[in-house]
Every structure is written in structure tokens, then in C-alpha cells.
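Undergrad: This is the structure I want to talk about, given as C-alpha cells.
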Amino acid sequence: MTKTKTMNEAPTTNRALRAWVQAIAEHTRPARIRWCDGSEEERITLERDMALSGSFIELDPRTHPRSFLHRSDPTDVARTEHLTFISTPRREDAGPTNHWMSREEAQARVWPLFAGAMKDRTMYVVPYLMGPAGSPFSRVGVELTDSPYVALNLRIMTRMGRAALGHLGAAESFVRGIHSLGDLSPDRRFVVHFPETLEIWSIGSGYGGNALLSKKCHALRIASAQARAEGWLAEHMLILGLTSPEGRTHYVTAAFPSACGKTNLAMLVPSLPGWKIETVGDDICWMHPGSDGRLWAINPENGMFGVAPGTSLKTNPNAMKALAHDVIFTNVALRAGRRVWWEGMSQLDEHEIIEDWRGAKWTNGAATSPAAHPNSRFTVPLRQCPSAAGSFDLATGVPISAILFGGRRSKLAPLVYEARSFRHGVYVGATMASETTAAATGAVGVLRNDPMAMLPFCGYNMGDYFAHWMAVGKGLSRPPKIFHVNWFRTGDDGRILWPGFGDNIRVLKWILERVEGTATARESAIGLLPHERGIDLTGMDLSKDALFQLLAVDSGAWLREADGVLEFLRKFADRLPAALLAEHRSLVKRLHDSL
Ligand code: PEP
Ligand code: MN
Ligand code: NA
């Protein structure tokens, strides 16, 4: 057995960390260990190594300075929910919506896969800080990975290296993530979380949330369990600042499932004059009750891992500007001259020949499958986004005035409605559903329940999660108002009714006016809706009929929906909070009364 060589001196004296790195190296047997410090020198070295090994294609430095394309293994292109496990001592604590694995089984089935897994590879020690430096809400994790792609992504996605070690100091408690590409076989792919011991074991995937352990594994699955124990919320939400023409700012969070437009909403360019949107976060939000009775939110991340297809100067000009330099693209298409392309980005020349996401020749006009993978991504620092908020780095976070829940629902759910109370809002979030997307493997377009957009990301029993939401709400003297939005509603002819993107400011405007108490609303069985003239349609071409359909409530259809909701809620059996069932009963009663 060759001896592991340490390439650089550990930039920390933290004994718990150094001992753990040693122990994992003894099991995984890397040829080398590299401690990541977040320096510029380190970036250049890793990028050069990636380019030399063929894992990075350097893009044209004139159009894409310091940017690269990475192609993942074609069998490893999205989150794999069926291979993702929560390991709690008791199965019922993981709950009916998670796959559970006992510690014994993980030890027997998964741990041996790590034995010698890093042989001939470098083990990167990647310390990362989730949250602003100096914030009491920030947390440290360390990922040990044999993927330099992962190390370079974490450098963008988190405050990586010395900043994290400084925050950690000599503390022994940090999230311990072990990641190996293994042999990339889906048959030997596992992502296992141990919320009680703050551990993550991931093997066999190099993609997205399976491999960038700071993101879904730490900041959502592990953090949600910590948040429950400590009285806060770790959520799959964007955070935006909304400023009216009069100069009043409110902060809003929004939970939509993966690939339903969080990144677009977080940085939208308003189609109404005088309004301004600032981006605090586009995917994850940690919210703490403040001493003022409000919820205060930080974005634990430092960058975006956004879905590329559909992103254009028209749909998301701020994202396009953010992508001007220093980007890692994954699984997008490549044009001649080493420029990236994806569906929806721009017009290709007729008969233009490019390379698809696998590197195969692809001809415009003659293609039978997309050139960019539908779940292809860009990784970019949030500060490169022109709409990035200064408040993004505030140690206190920002106070939240409204929470939005939403998804892809071609039918039923109106453009917007407001919950009658915080408790009713928890019910609205708990019972939301959305059509599946390419962000996870499996069929696309299938309607499924996805409470608070956390179905794949809640690290404990979701019945307890609903109860925790109720408890947090009870403790707030100034709770945010809760809304449900749906940008994806289609009309009877199957065509989408609402243009979305920059026009979503019109919905946000009504929401802000509701928060400030200046807009009226009409009662309906499902909640409070805008009056016909409540949504500002200035300068917009929307037919009266479309608006009517967007704001209609079909009580019969909602009653049929309620049957499915009840069936879903029943899964949680005795873990379901009584208050949620009470909300369900009153909804059904209001729907019957309105028939
Ligand atoms: C992922 O889980 O792979 C991921 C990156 O999450 P999302 O699709 O929500 O961006
Ligand atoms: Mn997400
Ligand atoms: Na899918």
C-alpha cells in the first residue's frame, strides 16, 4: 500500500478536524491530500489540472473569461431521490416521505464502498462556511472529496477555505461530508445523511446536490433537522428584496420545487416602472425568529447552481449578465469557437452544427433530442449578478414580510391567493403540489405533493416538520403573510395564461400592498384573492377572459383536490398536527358552502 502524501500544510490546528481527515484517508486511501484554502493560486492549479485531464473544456477567453465546460457521466445528470437516504435511529423519525437506512445497514452496504475508493486520486479537504462571516446563524461544514470539480464548485457556492476555518476555530462540531465518485455506477450510488451525528456519506455520483454536499445535503437535509431542534427553519426558498417606487423595501421568500423559476423570480427585472428587485438568495434560506417577533433570513450560500435551459436575455437578463465571466457550466452544449449554448438562450444559425452535452455532433433543425441536457447548469458567484443585494452579506439577515409557496400547476391553482392566517398558510404550504421536472431523475410533468418544495430535502419526518412550522408561527408576534402563486396556469385551449418573468412584479406589487394594508382582497373558499383591478396590468396585453380564468376558484375541482390532499396527509398518521387537519376540515366546509 503506497503512503498518502500531504501536498500542503493543513491551514488549521483544529485537532478534531485533522484527526477526522486522517481517519477518512486511512479508509479511502487517497494518493494525495490537498487542503483547500480558497486562494486564487489554488483555483488556477485546480482549473489547470481539470483542463489537463480533460474534465474541463476551457471556453473562449474573449466571450467567456475564466470559464469552463464540464461534462458529467451521461448516467449521472440529476439528483437521484431513490438512492438518497436519511439515517435516524428509528425509521419513523425519517418519516413516510424519506427513504430510511439504519446505521448498521449503511455501515454494511455503503461504508465498504469507500474502502480504497480514493486510490490514485487526490482527496480535497474542503472547509466551507454556510452564511455570512461573523453571523451567529452561520455554520461550518467540511467536505472530503476526490472530485476537483466538486472542490471548484464549492469555492463558488460557499465561502470556502480560510473563511470557514476561521469561523470554526477549535470547535469540534461541524458537518462532516465524505464524498467519492467511486466508480460512478448507479448500482453503487448512495447519498446517506445522519442528522444526529451531522454526517453525510455520498458515493457514486459527481452531480449537483448528490455531490456538492453543502447544498441540499447540509443546508437543507441536515440543517432542517438542526433547525427543528433549535427553533428555526431551513427552507428551499429564494430571498428577494422588493422596493416600491416610493422607496419602501420588503423582503420576501418563496418556495418552489427545483426548476420552477426560483432563480428567475429572485432576480426579475420588473416590467412596471419604478420598482426594484434585489437578490439575496436563489435557492436556500435559513430563517430565525428575531427578538422583534419577525422572521429574519440569511442565504447560507455564496453562489448559484442554476438551471441553464430557458435562461436568456429576455427571461432573465440579470442571470445572463452574471454569466459573463468566471463560470463553471455543466452539461450545456458547445458551439464552434468554444461558446456555450442551450435551448431557449438564442437562435442558432440554420443547419449550424454544434456539440451536444455529451460531446456528440448535433445539427440544428435535424435534432431529435435537446443539445443541452434539460438539467444542465451554471455555477456562478451571486455577487456577479447585477441585482445582488448588499444585504446578502448582513450578519443579521433580512426581516421577512411575506412567504410565497408555488409550483407548476397547469390547472386549478389561481395566479395568486393569500392565506387567511399563518396557520392556514402552513396548510397551504403543506398541501402544495407541482408537476415534476428534469431536476430529478424520473418522469417529467407528473403532479405530485411537494410540501413547501421540501419533499426531497426534509431531513426528518414531515409530519413533525409541519408541527414545527406551526410552533415557529405561534412564537412570532409579527409573522409574515403567506401567499400561494402559480405562474404556470393554462387556459381551456392548453395555452399558458400568464406571461410570467418580468410581469410577475405585478403579483409582487399586490402582495406588497397586502403586507402594507393598502390593497383590498376578496374572500373565497381557498383564501383571499385580488379584485379584478387589484393586479396592475398597466402596459400589458392580457384579455379580460384570461384574467378571469387566472383568478377563478372552481370549488368542485378544489373539493376533488381535497380528497387527494387528505389521502396525502393521512400518510403522516399520528405525526400529523391536529391544527393541519382542522385547517383541512374548514377548507372543505368553506368549499361546500360555496358550491
Ligand atoms: C440538486 O439537488 O441536484 C440540486 C442542485 O437542486 P436543485 O435542482 O433544487 O437546484
Ligand atoms: Mn433547489
Ligand atoms: Na424528473
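The values are calculated or read from the model by the stated rules, or taken from the named source; none is laboratory data. Quick caveat: nothing in here was measured; it's all calculated off a predicted structure. Virtual Cβ from ideal backbone geometry, glycine too; neighbours counted across all protein chains shown. Surface areas here come from the heavy atoms of the whole protein model, side chains and all, with no ligands, DNA or RNA. Shrake-Rupley method; radii C 1.70, N 1.55, O 1.52, S 1.80 Å.
Undergrad: Could you tell me how many of the residues in the range 473-498 are hydrophobic (A, V, I, L, M, F, W, C) and open to solvent by less than 10 Å² (accessible area, probe 1.4 Å)?
TA: Qualifying residue count for the region: 4.
Undergrad: Under 9 Å between Cβ atoms, at least 6 apart or on separate chains: pull out the pairs that start in the range 359-382 with a residue that is modelled with pLDDT under 95 and end on any residue that is open to solvent by less than 30 Å² (accessible area, probe 1.4 Å) and not acidic (D, E).
TA: Cβ pairs passing all conditions: N364/L348; N364/I354; N364/A371; G365/L348.
Undergrad: Confirm whether P96 is in contact with a helix residue (DSSP H, G or I) (Cβ under 8 Å, 6 or more places away or on another chain) and either open to solvent by 40 Å² or more (accessible area, probe 1.4 Å) or without any contact (Cβ under 8 Å) to a residue 24 or more places away in the chain (or both). Reasoning before the result, please.
TA: On the way: in contact with a helix residue (DSSP H, G or I) (Cβ under 8 Å, 6 or more places away or on another chain): yes; either open to solvent by 40 Å² or more (accessible area, probe 1.4 Å) or without any contact (Cβ under 8 Å) to a residue 24 or more places away in the chain (or both): yes.
When the stated conditions are applied, P96 passes them.
Undergrad: Take the range 36-66 and flag every residue that is small (G, A, S) and more than 29 Å from P186 (Cα to Cα).
TA: We begin by selecting, within the range 36-66, every residue small (G, A, S); these are 38-39, 51, 53-55.
Residues satisfying the conditions are G38, S39.
Undergrad: Could you tell me which residue of the range 212-253 is farthest from ligand 3 (Cβ to nearest atom), considering only residues that are of a type in the set (D, E, K, R) and not in a loop (DSSP other than H, G, I, E, B)?
TA: Filtering first and then ranking leaves E230.
Undergrad: Kindly provide the set of residues from the range 260-274 that are surrounded by fewer than 22 Cβ atoms within 10 Å (Cβ to Cβ) and touching a strand residue (DSSP E or B) at 6+ places or on another chain (Cβ under 7 Å), ordered by number. Lay out the reasoning, then the answer.
TA: Looking only at the range 260-274, we keep the residues that are surrounded by fewer than 22 Cβ atoms within 10 Å (Cβ to Cβ), and these are 269-274.
The answer is P270, and nothing else.
Undergrad: Test of understanding: among R71, R79, which residue is charged (D, E, K, R) and either within 25 Å of G141 (Cβ to Cβ) or within 16 Å of ligand 2 (Cβ to nearest atom) (or both)?
TA: Numbers: R71 fails: either within 25 Å of G141 (Cβ to Cβ) or within 16 Å of ligand 2 (Cβ to nearest atom) (or both).
Only one candidate qualifies: R79.
Undergrad: Another one. All but one of (1) among the aromatic types (F, W, Y); (2) in contact with a strand residue (DSSP E or B) (Cβ under 6 Å, 6 or more places away or on another chain); (3) within 16 Å of ligand 1 (Cβ to nearest atom) hold for F483, so report the exception by its number.
TA: Among (1) among the aromatic types (F, W, Y); (2) in contact with a strand residue (DSSP E or B) (Cβ under 6 Å, 6 or more places away or on another chain); (3) within 16 Å of ligand 1 (Cβ to nearest atom), F483 violates only (3).
Undergrad: OK, next. Here is a list: D541, D545, D563. Which entry is out of contact with any Asp or Glu (no Cβ under 8 Å at 6 or more places or on another chain), in a loop (DSSP other than H, G, I, E, B) and either of a type in the set (D, E) or open to solvent by less than 70 Å² (accessible area, probe 1.4 Å) (or both)?
TA: Working: D545 fails: in a loop (DSSP other than H, G, I, E, B); D563 fails: in a loop (DSSP other than H, G, I, E, B).
Answer to the check: D541.
Undergrad: Which numbered condition in (1) open to solvent by less than 10 Å² (accessible area, probe 1.4 Å); (2) within 23 Å of L447 (Cα to Cα); (3) at pLDDT 95 or above is the only one that F501 fails?
TA: Result: F501 fails condition (1) only.
Undergrad: Okay, next question. Being buried (at least 23 other Cβ atoms within 10 Å of the Cβ) and free of Cβ contacts under 8 Å to residues at least 60 places away in the same chain: is that true of T249 here? It would help to see each step written out before you state the result.
TA: Values: buried (at least 23 other Cβ atoms within 10 Å of the Cβ): no; free of Cβ contacts under 8 Å to residues at least 60 places away in the same chain: yes.
When the stated conditions are applied, T249 does not pass them.
Undergrad: Hand me the list of helices (runs of 4 or more DSSP H) wholly inside the range 1-110 holding 1 or more residues that are of a type in the set (S, T, N, Q).
TA: Hits in the range 1-110: 15-28, 40-53, 103-109.
Undergrad: List the residue pairs whose Cβ atoms are under 6 Å apart, where the first residue sits in the range 430-451 and is assigned to a loop (DSSP other than H, G, I, E, B), the second is open to solvent by less than 40 Å² (accessible area, probe 1.4 Å) and away from ligand 2 (no atom under 16 Å from the Cβ), and the two are 6 or more positions apart or on different chains.
TA: T431/V565
Undergrad: Scanning for something within 20 Å of the chain's Cα centre (by Cα), open to solvent by 30 Å² or more (accessible area, probe 1.4 Å) and within 16 Å of ligand 2 (Cβ to nearest atom), does the range 402-416 turn up at least one residue? Walk me through how you get there before you give the answer.
TA: Quick first cut of the range 402-416, residues within 20 Å of the chain's Cα centre (by Cα) only: 402-409.
If we keep only those that are open to solvent by 30 Å² or more (accessible area, probe 1.4 Å) too, we end up with 408.
Restricting the remaining residues to those that are within 16 Å of ligand 2 (Cβ to nearest atom) gives 408.
Yes - at least one qualifying residue is present in the range 402-416.
The rows are residues; the columns are (1) touching an Asp or Glu at 6+ places or on another chain (Cβ under 9 Å); (2) within 16 Å of ligand 3 (Cβ to nearest atom).
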{"site": "P381", "(1), (2)": "yes, no"}
{"site": "G390", "(1), (2)": "yes, no"}
{"site": "L394", "(1), (2)": "no, no"}
{"site": "G397", "(1), (2)": "no, no"}
{"site": "I400", "(1), (2)": "no, no"}
{"site": "Y427", "(1), (2)": "yes, no"}
{"site": "A438", "(1), (2)": "no, yes"}
{"site": "G442", "(1), (2)": "yes, yes"}
{"site": "V446", "(1), (2)": "yes, yes"}
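Undergrad: Would you confirm, using the coordinates I've provided, whether V110 is open to solvent by less than 70 Å² (accessible area, probe 1.4 Å) and farther than 30 Å from A573 by Cβ? So that I can check it myself, show each step before the final result.
TA: On the way: open to solvent by less than 70 Å² (accessible area, probe 1.4 Å): yes; farther than 30 Å from A573 by Cβ: no.
Answer is no for this residue.
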